[in-house]
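To keep things clear, I will list the structure first and then write my remarks on it.
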Amino acid sequence: MESHLSAALEYARSFLHEGAVATYIPELAKGDPTQLGAAIYAADGEIYRVGDWQQEFTIQSISKTITLILALQLAGYRKVFSKVGVEPTGDPFNSIVRLETTAPRPLNPMINAGAIATASCCMGGRDAFSEFLKLTRRLCGRSSISLNEEVYRSEKQAGMRNRSMAYLMQSDNLLECDAEDALDLYFRMCSVNVNTMDLARYGMVLAGNGKDPETGEQLVEGWIVRIVKTLMVTCGLYDASGEFAMKVGIPAKSGVGGGIMGSVERKMGVAAFSPGLDAKGNSVGAFHMLEYLSHHLGLHYFAGSECRV
Ligand code: DON
């Protein structure tokens, strides 16, 4: 395993020049595009790490999976899926166009509009961000996980596109709270600092049908895990979800902080990180690390067949 991880690092490193750090959130522009790392949390409890695995970065859109878990736990299936659909868009993650041309309800919870609507379902008079942080810490197995205040402020100040979507959705009665409150929660959720080890462990919780890999405690109900992993397959890498499914074949979720979290059914959680992004907002280094590992460890969901990509 160690030698595969080192080889994956070298393979991915040769593509790093193709990426560029996100700049639309000014604080993210400070990321170092030469950083690259990964971690695996295996079902037997073994842990493997390589490169900048310990570097903290903001969770960004990977939070959308945890927001969905929390919303389903707090508000239930009917409420959540009355606000958001389950179909892939083929559009960029921050696209606003479908809210007008397809239907007022965002197409899925993995795009920005869908995550803002999903976040609004978590409010209900409680301190929703505390609940989110508590859940994130349990899924990742690290109690020191916390908010990156600088990124949060930067997002809140620069997030005009998200603001437009939220107000449009509020005008269609799709939010469970005021647009600014839903946005504030969404920006906080995106701005939590994690590392690849945290995300690999979270991936293992999903791979183990919601059970804590150390204690065996059921952290997330099985029906919710199934919904989240399904949406990771169909929408986890936005308009690159098809390409990722073909080349990597692991339920996964990306974020503009440079992370990708993957969950290999019953076998492992795997996460990779590198701040340089491709044109669709997915980490170039992390994508290639996962591609290499999938090929060499046979992780594709249809691993029995020959691989030609
Ligand atoms: O709202 C935003 O644009 C960011 N906070 C999250 C976007 C994101 O991570 C998309 N991922 N590839």
Residue within region 200-218 that is hydrophobic (A, V, I, L, M, F, W, C), over 21 Å from LEU297 (Cα atoms) and at pLDDT 95 or above present
no
Which condition number in (1) on the phi < 0 side of the Ramachandran plot; (2) open to solvent by 10 Å² or more (accessible area, probe 1.4 Å); (3) in contact with a strand residue (DSSP E or B) (Cβ under 8 Å, 6 or more places away or on another chain); (4) within 16 Å of the ligand (Cβ to nearest atom) is the one that TYR238 fails?
(1)
Checking GLY124 against (1) within 16 Å of the ligand (Cβ to nearest atom); (2) touching a residue at least 40 places away in the same chain (Cβ under 8 Å); (3) open to solvent by 50 Å² or more (accessible area, probe 1.4 Å), which single condition isn't satisfied?
(1)
Checking PHE132 against (1) surrounded by 17 or more Cβ atoms within 10 Å (Cβ to Cβ); (2) away from the ligand (no atom under 16 Å from the Cβ); (3) of a type outside the set (Gly, Ala, Ser): exactly one of these is not met. Which one?
(2)
Restrict the check to region 101-121 and report whether at least one residue is within 16 Å of the ligand (Cβ to nearest atom), touching a Pro at 6+ places or on another chain (Cβ under 8 Å) and assigned to a loop (DSSP other than H, G, I, E, B).
yes
Looking for whichever is open to solvent by 20 Å² or more (accessible area, probe 1.4 Å) and more than 23 Å from GLY114 (Cβ to Cβ) here; the options are GLY141, GLY222. Which one fits?
GLY141
Within region 200-217, residues surrounded by 20 or more Cβ atoms within 10 Å (Cβ to Cβ) and outside any loop (DSSP other than H, G, I, E, B) come out as ALA200, ARG201, TYR202, GLY203, MET204, VAL205, LEU206, ALA207
Please verify whether ARG98 is surrounded by 14 or more Cβ atoms within 10 Å (Cβ to Cβ), within 28 Å of LYS280 (Cβ to Cβ), of a type in the set (Lys, Arg) and not assigned by TED's automatic domain parsing to the domain that holds LYS229, treating the condition exactly as stated.
yes
Candidate set from region 252-308 (those that are of a type in the set (Lys, Arg) and under 13 Å from ALA240 (Cα atoms)); member that is most open to solvent (accessible area, probe 1.4 Å)
LYS280
Among the candidates SER61, SER95, single out the residue that is under 20 Å from THR234 (Cα atoms) and without any contact (Cβ under 8 Å) to a residue 24 or more places away in the chain.
SER95
Restricting attention to region 29-59, report how many residues are within 16 Å of the ligand (Cβ to nearest atom) and in a loop (DSSP other than H, G, I, E, B).
4
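Residue by residue, here is whether (1) crowded, with 22+ Cβ neighbours inside 10 Å; (2) under 17 Å from the mean Cα position of the chain (by Cα); (3) outside the structural domain of LEU139 (by TED's automatic domain parsing) holds:
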residue	(1), (2), (3)
LYS30	no, no, yes
ILE47	no, no, yes
ILE69	yes, yes, no
LEU72	yes, yes, no
PRO106	yes, no, no
ASN112	yes, yes, no
Exclusive hit being more than 25 Å from PHE15 (Cα to Cα) and within 16 Å of the ligand (Cβ to nearest atom), set VAL192, VAL248, VAL256, VAL220:
VAL192
Test set (1) part of a helix (DSSP H, G or I); (2) away from the ligand (no atom under 16 Å from the Cβ); (3) over 16 Å from VAL50 (Cα atoms) - LEU293 fails condition number
(3)
Of a type in the set (S, T, N, Q), in contact with a helix residue (DSSP H, G or I) (Cβ under 6 Å, 6 or more places away or on another chain) and at pLDDT 95 or above: is that true of ASN193 in this structure?
no
Does region 1-28 hold any residues that are crowded, with 18+ Cβ neighbours inside 10 Å, part of a helix (DSSP H, G or I) and modelled with pLDDT of 95 or more, and which are they?
LEU5, ALA8, LEU9, ALA12, LEU16
For region 156-176, which residues satisfy the criterion of being over 11 Å from LEU99 (Cβ atoms), open to solvent by less than 70 Å² (accessible area, probe 1.4 Å) and aliphatic (A, V, I, L, M)?
ALA158, LEU175
Got at least one residue in region 301-308 being under 20 Å from ALA12 (Cα atoms) and away from the ligand (no atom under 14 Å from the Cβ)?
yes
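The values are calculated or read from the model by the stated rules, or taken from the named source; none is laboratory data. For clarity, every value in this text was computed on a predicted model and none was experimentally measured. Because the Cβ atoms are built from the backbone with ideal geometry, glycine has one as well, and the counts that use them run over all protein chains shown. SASA here: full protein model, heavy atoms, side chains in, ligands and nucleic acids out. Shrake-Rupley method; radii C 1.70, N 1.55, O 1.52, S 1.80 Å.
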